[in-house]
Amino acid sequence: MEIRGTLIEKLNPIKGTGARGEWVKQEFILETRESSYARKVCISVFGEDKVRELDGFSIGEIVKASVNIESREYNKRWYTEIRAWRLEKETAVTGVSEDAPSHAGPTMLDQDEGADDLPF
């Protein structure tokens, strides 16, 4: 699943020790505009390499996060986590400039006068 939005906040990294050793995770907030109302989503990255990758993103950038969503039960309560496994910077989509070349195919101006386009 993918979530696109503007990075509005990076929370402090959280470190701990578990049965498999030390771990680190960091949460960040994306603001999406998929409906008429802005929605904020808290997403986490897990592991030293993903936390370093998140450091390369700046507040205000548009981010596409590929995520897994998982819920777990603890003491008869359910907790849901959205964990990003890939982060990509996206650029704002703009209209085509009038100066941009057209890719509609050749025109009469592209062909030499008197030349034909026959393959033989």
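Does Val63 qualify as being within 14 Å of Glu27 (Cβ to Cβ) and in contact with a Pro (Cβ under 6 Å, 6 or more places away or on another chain)? If you could, list the steps in order and put the result at the bottom.
Numbers: within 14 Å of Glu27 (Cβ to Cβ): yes; in contact with a Pro (Cβ under 6 Å, 6 or more places away or on another chain): no.
No, not satisfied.
So which residues in the stretch 16-39 are of a type outside the set (Val, Ile, Thr) and assigned to a strand (DSSP E or B), if there are any at all?
Hits for the stretch 16-39 are Gly16, Gly18, Gly21, Glu22, Trp23, Lys25, Gln26, Glu27, Phe28, Leu30, Glu31, Arg39.
Go through the residues of the stretch 88-110 one by one and say whether even a single one is at pLDDT below 95 and under 15 Å from Ile29 (Cα atoms).
The initial filter retains those residues of the stretch 88-110 that are at pLDDT below 95, namely 89-110.
After this cut, where a residue has to be under 15 Å from Ile29 (Cα atoms) as well, the list is 89.
Yes: the stretch 88-110 contains one or more residues that are at pLDDT below 95 and under 15 Å from Ile29 (Cα atoms).
Can you give me the number of residues within the stretch 18-38 that are more than 20 Å from Tyr79 (Cβ to Cβ) and either surrounded by 10 or more Cβ atoms within 10 Å (Cβ to Cβ) or touching a strand residue (DSSP E or B) at 6+ places or on another chain (Cβ under 9 Å) (or both)?
Of the stretch 18-38, the ones more than 20 Å from Tyr79 (Cβ to Cβ) are 21-22, 31-38.
Subsequent filtering for residues that are either surrounded by 10 or more Cβ atoms within 10 Å (Cβ to Cβ) or touching a strand residue (DSSP E or B) at 6+ places or on another chain (Cβ under 9 Å) (or both) retains 22, 31-34, 38.
Selection size over the stretch 18-38: 6.
Report, by residue number, each residue of the stretch 40-63 that is assigned to a strand (DSSP E or B) and either buried (at least 16 other Cβ atoms within 10 Å of the Cβ) or out of contact with any Asp or Glu (no Cβ under 7 Å at 6 or more places or on another chain) (or both).
Val41, Ile43, Ser44, Val45, Phe46, Ile62, Val63
The values are calculated or read from the model by the stated rules, or taken from the named source; none is laboratory data. Everything numeric here is computed off the predicted structure, so don't read it as measured data. Note: ideal-geometry Cβ built from the backbone for every residue, glycine included; neighbour counts use all protein chains shown.
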